[in-house]
Amino acid sequence: MTEQKEMLAMLDEALEQALPKTQCREARVVEAMRYALLGGGKRVRAQLAMRFCEACGGAAADALPFACAVEMIQAYSLIHDDLPCMDDDDLRRGKPSCHKVFGEATALLAGDALQSLAFETVAGAENLSAGARLAAVTELARCIGMHGMVGGQTIDMEYENTPCGEDVLCDLQGKKTGALMQASCVLGCLAGGGSRAALEAAARYAGALGRAFQIVDDLLDATATTEQLGKPAGSDARQQKSTFVSVLGVETAMERVRVFTNEAISATIPFGEKGRPLAELAQALAVRLQ
């Protein structure tokens, strides 16, 4: 199993190679793409893809094209999330949001270009079979489209300044946050030649991890500082958004984190020792609260 430091180094190199250079007529949008994609982050989704590939018997490097693709999608979604027409956030990962540096139009185009590049990267993964690539394109498109990430953002906008119940909130975040996590896990299994049982276990893991991850994010938004988060703290409250904290309260929200984290860890059991890094990752994401 690949050590996390080595895995992240492999990923950073692959992302650098996947991005176009700035010596072109489109230099401005390329600079914005590079700013958003190479500007840090936990790389959780990429790690999920590579770890599930290993859990299914492959090598972490086998999943690099898919891992790069999900990070490109994540970067595109954050660019668009921060735009004035969406969440209107000026800070991301401790530095000015993409649109604050490059302007709204260029930021919008950079997000669009990263999404396109993600599918180009998946389709062009020559180290993987045509069947794996086709299945990956289908899964990724499904998880980020109108019934996935885009659908979640749509629900989020509909409920701005309007309280919602836990059922709506779970649907919203399951699509906005959880869907791309599920795609990451499934793509990792596809890269590793995973069985149907492995794909089902990956989906269970992703569902539980996605919920725990979002609840922790909501808790941090309510309790951490802007410096700690690298983005504006308390933005959910300022925008009068319903969150797991506002709906459940802090204590219940923290208990849900423990429950969902344990569910994610349980989903790694079928992978045996190869699933241990996935269990450790779930635990590490939960203890961000400490």
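When the residues of region 237-262 are filtered to those that are in a helix (DSSP H, G or I) and under 19 Å from the mean Cα position of the chain (by Cα), the one that is surrounded by the fewest Cβ atoms within 10 Å (Cβ to Cβ) is 260. Please find, within region 204-219, the residue that is surrounded by the fewest Cβ atoms within 10 Å (Cβ to Cβ) out of those that are farther than 11 Å from residue 268 by Cα and among the aliphatic types (A, V, I, L, M). Among residues in region 204-219 that are farther than 11 Å from residue 268 by Cα and among the aliphatic types (A, V, I, L, M), the one surrounded by the fewest Cβ atoms within 10 Å (Cβ to Cβ) is 219. Based on what the data block shows, is residue 141 over 30 Å from residue 61 (Cα atoms), part of a helix (DSSP H, G or I), open to solvent by 40 Å² or more (accessible area, probe 1.4 Å) and not polar (S, T, N, Q)? In short, no. Taking the criterion of being on the phi < 0 side of the Ramachandran plot, open to solvent by 50 Å² or more (accessible area, probe 1.4 Å) and either in contact with a His (Cβ under 9 Å, 6 or more places away or on another chain) or not hydroxyl-bearing (Ser, Thr, Tyr) (or both), the residues of region 156-198 that qualify are 157, 158, 160, 163, 166, 167, 171, 175, 182, 196, 197. Out of all the residues in region 63-81, is one or more of a type in the set (Gly, Ala, Ser), farther than 18 Å from residue 114 by Cβ and touching a helix residue (DSSP H, G or I) at 6+ places or on another chain (Cβ under 8 Å)? Among the residues of region 63-81, at least one is of a type in the set (Gly, Ala, Ser), farther than 18 Å from residue 114 by Cβ and touching a helix residue (DSSP H, G or I) at 6+ places or on another chain (Cβ under 8 Å), which makes the answer yes.
The values are calculated or read from the model by the stated rules, or taken from the named source; none is laboratory data. All figures in this text were calculated on a predicted structure; none of them were measured in a lab. Don't worry about glycine lacking a Cβ; one is built from the backbone with ideal geometry, like all the others, and counts go over all protein chains shown. These accessible areas exclude ligands, DNA and RNA; they are computed on the full protein's heavy atoms, side chains included. Shrake-Rupley method; radii C 1.70, N 1.55, O 1.52, S 1.80 Å.
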